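Have a look at the structure below before the remarks.
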Amino acid sequence: MAIVLYGIPNCDTVKRARAWLAAQGHEAAFHDFKKAGVPPEALDRWIAALGWERLVNRQGTTWRKLDDATRAAVTDAASARALMLAQPSVIKRPVVDWGTALTVGFDAAAWPPG
């Protein structure tokens, strides 16, 4: 099964992850959140497998720019899902679907070698 890397192209972490995958000989399809949005069915799988807390990037610029009421309203999977669909940049990047597993963020030590 093909590897799919989800993110935004100008994200430094996504750039590093894509370069690492290429260097390891992994072919990965790239899904651009900015152009294609977040596939709702994929987001549901990610939430089920990883938990919404790991997916919401509370350290990022997008989260910090949200008003206090919006941030305070993210209290469960449903509210986090709604925010991630409306504001894809709030998702921690990259999300990688390895075909048999999912990972979020870039950690070369935890990723499978080429």
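The values are calculated or read from the model by the stated rules, or taken from the named source; none is laboratory data. The structure displayed is predicted, hence computed values, not measured ones. Positions of Cβ are generated from backbone atoms using ideal geometry, with glycine treated the same way; all protein chains shown enter the neighbour counts.
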Checklist entry - Can you name the residue in the stretch 88-102 that is charged (D, E, K, R) and in contact (Cβ under 8 Å) with a residue 40 or more places away in the chain and, of all such residues, is nearest to Leu43 (Cα to Cα)? => result Asp97
Checklist outcome for this item: When every residue in the stretch 96-114 that is of a type outside the set (A, V, I, L, M) and part of a strand (DSSP E or B) is compared, the one surrounded by the most Cβ atoms within 10 Å (Cβ to Cβ) is Asp97
Checklist entry - Does any residue of the stretch 44-51 turn out to be part of a loop (DSSP other than H, G, I, E, B), touching a Leu at 6+ places or on another chain (Cβ under 9 Å) and more than 19 Å from Thr13 (Cα to Cα)? => result no
Checklist entry - Since Asp76 meets every condition but one in (1) under 20 Å from Val4 (Cα atoms); (2) of a type in the set (Asp, Glu); (3) exposed (fewer than 12 other Cβ atoms within 10 Å of the Cβ), which condition does it not meet? => result (1)
Checklist outcome for this item: Among (1) part of a loop (DSSP other than H, G, I, E, B); (2) more than 13 Å from the chain's Cα centre (by Cα); (3) modelled with pLDDT of 95 or more, Arg93 falls short only on (2)
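Leu85 - would you say it is farther than 30 Å from Pro113 by Cβ, surrounded by 14 or more Cβ atoms within 10 Å (Cβ to Cβ), free of Cβ contacts under 8 Å to residues at least 60 places away in the same chain and under 13 Å from the mean Cα position of the chain (by Cα)? Spell out how you get there, then give the answer.
Working: farther than 30 Å from Pro113 by Cβ: yes; surrounded by 14 or more Cβ atoms within 10 Å (Cβ to Cβ): yes; free of Cβ contacts under 8 Å to residues at least 60 places away in the same chain: yes; under 13 Å from the mean Cα position of the chain (by Cα): yes.
Spelling it out, Leu85 is indeed farther than 30 Å from Pro113 by Cβ, surrounded by 14 or more Cβ atoms within 10 Å (Cβ to Cβ), free of Cβ contacts under 8 Å to residues at least 60 places away in the same chain and under 13 Å from the mean Cα position of the chain (by Cα).
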Checklist outcome for this item: Among residues of the stretch 21-43 being over 12 Å from the mean Cα position of the chain (by Cα) and part of a loop (DSSP other than H, G, I, E, B), the residue surrounded by the most Cβ atoms within 10 Å (Cβ to Cβ) is His26
